[in-house]
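First the structure, in the form of structure tokens, and then the observations on it.
The values are calculated or read from the model by the stated rules, or taken from the named source; none is laboratory data. As the structure is a computational prediction, the values presented were derived from the model and not from experiment. All Cβ positions, glycine included, derive from the backbone under ideal geometry; neighbour counts span all protein chains shown. With ligands, DNA and RNA removed, areas are computed over all heavy atoms of the protein, side chains included. Shrake-Rupley method; radii C 1.70, N 1.55, O 1.52, S 1.80 Å.
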Amino acid sequence: GDDKAGPTGEMEKVLDAMLSELSSEEIEQAARTSYVYFLAVTKEGYVDAPSGLEHLRRSKALAMARRCLVADKGKPDVALTRLRSTLVWRKEMDIDGMRTCFQEDDESHATMRSSLSHSMSTGQFVVRGYDRDGRALQLLIPRLNVSGDTPEAILAAILYHAERAIAGTERRSGNAHEKFHVVFDYARFKISHSMPLAAAKLVVFALRDHYCERVQGIYLLDAPLVFQIFWNLIRPFIDPDTKRKITFLTGQKEKKKVFGRFFDKEEAVSCILDDGHLVGSHDVHKYLHEVPFDFAYDEVIDVKE
């Protein structure tokens, strides 16, 4: 489905009613699921007037309510329950801490920082490239797994990237889009590279429960036969809505047919288009500490003096 269609008049009434049920603190936290709003209330963000901030807060809280309502098939009570449980979960996971821990180098997030750094040390996760509409691509390379990583650490690293992909999409598309692409590059995959089942379940459930209407598509690329073993283990835990978004693609021809429709080669990693310009591995330290949270790795950053 398209991710930028505005709510209809009928839906707007329902969303307004949902928001009226929330406390001002809940509205604030719902708005903070937007990185644009998060920046506006924390530090670098610039908002011209308090009324601008009010408007931004309301529109971003409404956006979260709408995602929940769509995911829960238009049932406002179920959607409100989901929204509230997601706000609690985001606090428990310290998503806001994830967003800032590499930029601020604060002592209170030292443990989180070292755990995330360890899980990402091999370059197995990164956000690289955007489709023509400005949706970011989250790339996962299972053959670069960090052996012995705990399920909780793997979950945190994947959520860190989901948040970066969401933030990048929001900024790059000028607030028009809120979904990102997920690509697993299964080339040269061995069964020893499999994510532990406990970790895979945590990831599947977190995305299902707390990232509704955030994923545009999930692509499993060049999966060898041995991948079927892992797939058969995890498949029963994947909900029908997510299953519909999963596409297996093997070989350049299949990948070009799909990705060529919405990615330019200048914005494509070479595993999705063989003539993609985003080649080679990324510098993990630079990506974590220097590239702003809402930018993809290869993006040119204008430093305004």
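Within region 235-251, residues that are closer than 22 Å to Lys73 by Cα and β-branched (Val, Ile, Thr) sit with their Cβ atoms under 7 Å from residues that are in a helix (DSSP H, G or I) and open to solvent by 60 Å² or more (accessible area, probe 1.4 Å), at 6+ positions apart or across chains, in these pairs: Thr242/Arg208.
On inspection, Asp294 qualifies as in contact with a helix residue (DSSP H, G or I) (Cβ under 8 Å, 6 or more places away or on another chain) and either part of a loop (DSSP other than H, G, I, E, B) or surrounded by fewer than 16 Cβ atoms within 10 Å (Cβ to Cβ) (or both). From the list Met18, Met93, exactly one residue is touching a helix residue (DSSP H, G or I) at 6+ places or on another chain (Cβ under 6 Å) and at pLDDT 95 or above. Which is it? After applying the criteria, what remains is Met18.
Within region 205-220, the set of residues being under 24 Å from Lys255 (Cβ atoms) and part of a helix (DSSP H, G or I) comprises Leu207 only. Of the residues that make up region 54-71, is at least one without any contact (Cβ under 8 Å) to a residue 40 or more places away in the chain and over 17 Å from Ser20 (Cα atoms)? Within region 54-71, none of the residues are without any contact (Cβ under 8 Å) to a residue 40 or more places away in the chain and over 17 Å from Ser20 (Cα atoms). Gly251: touching a strand residue (DSSP E or B) at 6+ places or on another chain (Cβ under 8 Å) and open to solvent by less than 80 Å² (accessible area, probe 1.4 Å), yes or no? Criteria not met by Gly251. For the condition in contact with a Ser or Thr (Cβ under 8 Å, 6 or more places away or on another chain) and either open to solvent by 10 Å² or more (accessible area, probe 1.4 Å) or acidic (Asp, Glu) (or both), Pro142 qualifies. Checking Arg143, Arg113 one by one, the residue that is in contact with a His (Cβ under 8 Å, 6 or more places away or on another chain), assigned to a helix (DSSP H, G or I), farther than 25 Å from Met64 by Cα and touching a residue at least 12 places away in the same chain (Cβ under 8 Å) is Arg143 and no other. For the criterion of being modelled with pLDDT of 95 or more, open to solvent by 40 Å² or more (accessible area, probe 1.4 Å), over 23 Å from Asp133 (Cα atoms) and part of a helix (DSSP H, G or I), Glu25 passes. Of all the residues that make up region 254-291, how many are touching a strand residue (DSSP E or B) at 6+ places or on another chain (Cβ under 8 Å), part of a loop (DSSP other than H, G, I, E, B) and over 27 Å from His109 (Cα atoms)? Looking only at that region, the number is 7. Would you call Thr169 of a type in the set (Ser, Thr, Tyr), assigned to a helix (DSSP H, G or I) and open to solvent by less than 10 Å² (accessible area, probe 1.4 Å)? Yes: the conditions hold for Thr169.
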